[in-house]
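Have a look at the structure below before the remarks.
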Amino acid sequence: MKKKVFLAILVVMLSNLLEVRATENSAFLPGGKNYLEEANMIFGDNMFNSDDDILVKPSTEYTFSMPGEGLVGEDIYIELIGNTTYIAGEPVDVPACSFEGDYIVCTFTSTSDETSIQLLVAGNMMNMYYDYYQFNDFQLEEGAIRTSYEEYIAPEGDTTDPEFSGSGAYIKSYQTNELITTIINNHIYAIDDIDGDISNSIIIVSDDYTSNEQIVGEYDVTLSVTDASNNTALFTLTVMVKDEIDPVITGPSGINVSVDSVTDIETQIENYFIITDGYDDDPTFNVTTDDYSLNSNVLGQYSVTFMAVDDSLNSVNKTFIVYVEDSTSPVMTSANVIDSYLSNPLSYDDVIDLLEFSDNYDDLSSVIPTVTTDGFSGNENTPGTYSLSFDVEDNSENSISETITINVVDDVEPVISGISSYTGSYSEQLTVEDFLAMLSVSDNVDDVLLSDIYIVSDDYSLRVNSVGNYVVVFGVVDTNNNETTHQIEINLFDDVAPVIYVDDFIITVDLSVTFTESDALKLLLNSKELEDKEYLVTKLVDEYTGNEQIPGSYIYKLLFTDEDGAEYEKEFIVKVAAANSYDIEDSLLPRNIIVYSSIGVFSIYIVVKKKKKVIE
């Protein structure tokens, strides 16, 4: 309530000022440390306030000090206002104010855009203090602490150049397109010790920055400022346009590489990753860690890290995993057609052992195929064509499916068994069929018979009753065209004592005699061609009877049957000769010839032995 009453009184006091003063120095900074000029103050009714605004520096720390309550009374009120309110209120309630002995001390910092402030101070004994002490111990100075009181010193003649404040270098990104005027207005200040802030008077003398706002580099901008006394200062602002943005790496966290297509790690990075940069069109990269290159031909997982760098040396790292894999299927290197000959047939295991496989990574020399279909087992000894299908897998589970063809081939010749040589009497007169009967034939596959045997060569059949050495070669072929031969060497010797016997007879008779059945029987008994037995003689052919007196040759064929029922046929040629004619046709020789004379006696008896062939 007390404060409200005081403020009301203060308003009344302001309306009844005792004195109004003017000064020409308010537009300048003081010549000493104290900013408060008594001539710029309006006094009355226990208070005073600044007539003209007090020129101050921006962004500067200030300390205001004044006598305490024991000198200016109670109910003290202080107000410092510029672009913002720095202090307003009773010191006891203002955090920026403190009591230091007999003094009240308040501190504040001007804002960056501050140019001037107003001051108002009130106290219920202010008039009494002023009457006795005037304006002593009221001081506004730069700094954070109160120093000894100094009276206001008016500014001297201005020969000092203004000063620029702010950094001599301004750093910006190439991505922002800031105008030089914006940079100057926001970051560069010009302060004059007399004129104060004259930043609005800054002009650009030279400018290498404009038109290069987004091009990385360092550009100088020369600035100039002149105070009211025509003092000029130059300032070089260096604008640094920088690229501080890292490149961007786009790509997978892992890549798969085949073990049999080794590529250097740099090529892998180029193939799988994209490096972009907002400013540099061609950023580079280098590999920093590489577990892959020395293990590129070994299955596994390997870490690789590379760093992308742009022209401004901004960098970013990327780590990824290289998975070295085997994705190539095995290959069958052995033939897919296998012939198994029955002369040395292959078993199932033999066929499997013949299979060979290769792989780009694994050793498959001992791999065992997984058979899926088997048409061969059980047919190892049966001619034909069979299939065997199987799968083969390497250690990386890459597999192939193959089918091979197995030809079971009958290359075994049939076998002819039996004699290979024969020695016997020419008188046996064995035939080739006789020798064939002495043989047997077999085949590993086919059912072959003796009837399948054929004669390859035969120099015997025409000499079955001739003494000598002969060869008969037999052959046989099975259904698979396997052929075999069998040779029999035949040796015929003469183990028969010389005899005279009659074979085919030519009987010559003259017109005075005849030839009868009994004559024929006697001849055969005498020649030992018939055993000495009783025989029944039967005419089979008789061209002779009835032509006894007609010269010519007639067939006379008889059948002799012995007492045991054995039969023997004999053919005679009876030649009826004309009187006194005993000529014999050459074509009848050599044959057995008997001539009967007209006196009925056995006039001549000639026996010629004729050889016969025996075939084994």
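Brief remarks follow.
- The set of residues in region 201-247 that are surrounded by fewer than 14 Cβ atoms within 10 Å (Cβ to Cβ), part of a loop (DSSP other than H, G, I, E, B) and without any contact (Cβ under 8 Å) to a residue 40 or more places away in the chain comprises Thr210, Ser211, Asn230.
- Total residues in region 410-442, condition surrounded by 14 or more Cβ atoms within 10 Å (Cβ to Cβ), in contact with a helix residue (DSSP H, G or I) (Cβ under 9 Å, 6 or more places away or on another chain) and either outside any loop (DSSP other than H, G, I, E, B) or among the charged types (D, E, K, R) (or both): 9
- Within region 315-333, tally of residues that are acidic (Asp, Glu) and either open to solvent by less than 40 Å² (accessible area, probe 1.4 Å) or in a loop (DSSP other than H, G, I, E, B) (or both): 1
- Extreme residue, modelled with the lowest pLDDT, among residues of region 499-515 that are closer than 24 Å to Asp562 by Cα and open to solvent by less than 50 Å² (accessible area, probe 1.4 Å): Val502
- Selected residue (only one of Ala190, Ala169, Ala228, Ala233 is more than 30 Å from Ser296 (Cα to Cα) and touching a helix residue (DSSP H, G or I) at 6+ places or on another chain (Cβ under 8 Å)): Ala190
- Selected residue (criterion: nearest to the chain's Cα centre (by Cα)) from residues of region 248-301 that are under 23 Å from Asp394 (Cβ atoms) and in contact (Cβ under 8 Å) with a residue 60 or more places away in the chain: Ser258
- In region 370-381 there is no residue matching the filter, namely being touching a residue at least 60 places away in the same chain (Cβ under 8 Å), in a strand (DSSP E or B), more than 30 Å from Val412 (Cβ to Cβ) and open to solvent by 70 Å² or more (accessible area, probe 1.4 Å).
- Leading residue by the ranking (least open to solvent (accessible area, probe 1.4 Å)) among those in region 119-143 that are of a type in the set (A, V, I, L, M) and over 16 Å from Phe64 (Cβ atoms): Met125
- Matching entry among Tyr454, Tyr426, Tyr422 (being without any contact (Cβ under 8 Å) to a residue 24 or more places away in the chain, in contact with a strand residue (DSSP E or B) (Cβ under 7 Å, 6 or more places away or on another chain) and more than 30 Å from Asp353 (Cα to Cα)): Tyr454
- Of all positions in region 1-24, none carries a residue that is closer than 19 Å to Ile117 by Cβ, assigned to a loop (DSSP other than H, G, I, E, B) and either aromatic (Phe, Trp, Tyr) or modelled with pLDDT of 95 or more (or both).
- Of all residues in region 228-284, those satisfying the criterion of being under 14 Å from Ala308 (Cβ atoms) and of a type in the set (Val, Ile, Thr) are Ile245, Val248, Ile249, Thr250, Ile269, Ile274, Ile275, Thr276, Thr284.
- Region 182-237: number of residues that are farther than 27 Å from Val56 by Cβ and in contact with a Gly (Cβ under 6 Å, 6 or more places away or on another chain): 0
- Residue in region 314-334 that is closer than 30 Å to Ile215 by Cβ and among the hydrophobic types (A, V, I, L, M, F, W, C) present: yes
- Residue match in region 466-475 (condition: in contact (Cβ under 8 Å) with a residue 40 or more places away in the chain, crowded, with 18+ Cβ neighbours inside 10 Å and more than 24 Å from Glu428 (Cβ to Cβ)): no
- Taking the conditions (1) open to solvent by less than 80 Å² (accessible area, probe 1.4 Å); (2) in a helix (DSSP H, G or I) in turn, Thr545 satisfies each one other than (2).
- Test: residue in region 301-308 that is surrounded by 14 or more Cβ atoms within 10 Å (Cβ to Cβ), out of contact with any strand residue (DSSP E or B) (no Cβ under 9 Å at 6 or more places or on another chain) and aromatic (Phe, Trp, Tyr): no
- The listed residues are Phe48, Phe43, and the only one of them that is of a type outside the set (Val, Ile, Thr), touching an Asp or Glu at 6+ places or on another chain (Cβ under 6 Å) and under 17 Å from Tyr132 (Cα atoms) turns out to be Phe43.
The values are calculated or read from the model by the stated rules, or taken from the named source; none is laboratory data. Just so you know, these numbers come straight off a predicted model, no measurement behind them. Note that each Cβ is placed from the backbone with ideal geometry, even for glycine, and that neighbours are counted across all protein chains shown. Note: accessible area is taken over every heavy atom of the protein model, side chains too, but ligands, DNA and RNA are not part of it. Shrake-Rupley method; radii C 1.70, N 1.55, O 1.52, S 1.80 Å.
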